[in-house]
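The next block holds one structure in the form of structure tokens; read it before the comments.
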Amino acid sequence: MTAADVITAWDQADPEAIHPLRRVSEDAYWESGRAQADMVATVIPDGAKVMDFGCGDGRVAIPMGALGYEVTAVDSSQRMLDRLTERAPDVTIAHTTADGIVGHLGRRRMDAVYALAVLIHHSYADCLHIIGRLRAATKLGGVLVLDWPVSETPGEADSWIGVTTWSPQQQADACARIGLEPVDSGLPWGVYRAVKVAG
Ligand SMILES: C[S@@+](CC[C@H](N)C(=O)[O-])C[C@H]1O[C@@H](n2cnc3c(N)ncnc32)[C@H](O)[C@@H]1O
């Protein structure tokens, strides 16, 4: 699938598709976001300027704001952003893909960027492109939390709801090219520090 296919499918998706817990209850859905925000917060300094890339309707972005972070919530779907704003009018939003982020920020850069349940739906090439743009939006020394799963049997997603997985070597090569240094965190997602590309 191309990035454009994934973006269109998510824009038209039923809100229930965002997370399995939404089929259990709205409370369970929003509680999962609060729990994940608490986990993300363990690796990001208090009060940091953070970007939630592919924020959906704000499951994690809204509780991150409540924890005191200065959140910019980015999504390619205006429908998702409208639902976020309806629930939390004070959260800053940006309607763009990864390619529009640096233009949106101007000279500003983020202290931290996180992307949960977004990269997984993209092809290898599109995922690498997006991560490169997220790195470009992050200050040197800043933190990236990326839901970028490793598998012993890596493969690309075959639908907009599928999951692309990577080998450790693919990720190590990508990190070296993009300027990401893995950080030990104990979190279920990859955590990286933004570094200069060697050589
Ligand atoms: C599965 S939802 C996850 C939402 C949120 N991160 C969460 O964990 O609740 C995926 C979201 O990523 C957005 N998205 C997918 N591909 C994107 C892309 N290439 N650029 C920006 N947003 C994207 C979709 O519109 C959708 O809102």
If you go through region 89-109 one residue at a time, do you hit one that is crowded, with 20+ Cβ neighbours inside 10 Å and under 24 Å from S185 (Cα atoms)?
-> no
Within the set of pairs 6+ apart or on separate chains, which have a first residue in region 37-57 that is under 13 Å from D111 (Cβ atoms) and free of Cβ contacts under 8 Å to residues at least 60 places away in the same chain, a second that is in a loop (DSSP other than H, G, I, E, B) and among the aliphatic types (A, V, I, L, M), and C-beta atoms under 9 Å apart?
-> A41/L67; D46/L67
Over region 82-109, the set of residues in a helix (DSSP H, G or I), of a type outside the set (D, E, K, R) and away from the ligand (no atom under 13 Å from the Cβ) is T85, V102, G103, L105
Hey, among A117, A136, which residue is within 16 Å of the ligand (Cβ to nearest atom) and at positive phi?
-> A117
Do we find that R79 is within 13 Å of the ligand (Cβ to nearest atom), among the basic types (K, R) and either farther than 26 Å from Q171 by Cβ or part of a strand (DSSP E or B) (or both) in this structure?
-> yes
So which residues in region 129-145 are assigned to a helix (DSSP H, G or I), of a type in the set (A, V, I, L, M) and surrounded by 18 or more Cβ atoms within 10 Å (Cβ to Cβ)?
-> I130, I131, L134
From the option list A73, A112, A125, single residue qualifying as buried (at least 23 other Cβ atoms within 10 Å of the Cβ), away from the ligand (no atom under 11 Å from the Cβ), of a type in the set (G, A, S) and not in a loop (DSSP other than H, G, I, E, B) is A112
In region 139-166, what residues are out of contact with any Gly (no Cβ under 8 Å at 6 or more places or on another chain) and near the ligand (Cβ under 9 Å from one of its atoms)?
-> W160, I161
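Read the figures in this text as sums done on the coordinates, not as results from a lab. Only a predicted model underlies this, so the values are computations on that prediction, with no experimental measurement involved. Don't worry about glycine lacking a Cβ; one is built from the backbone with ideal geometry, like all the others, and counts go over all protein chains shown.
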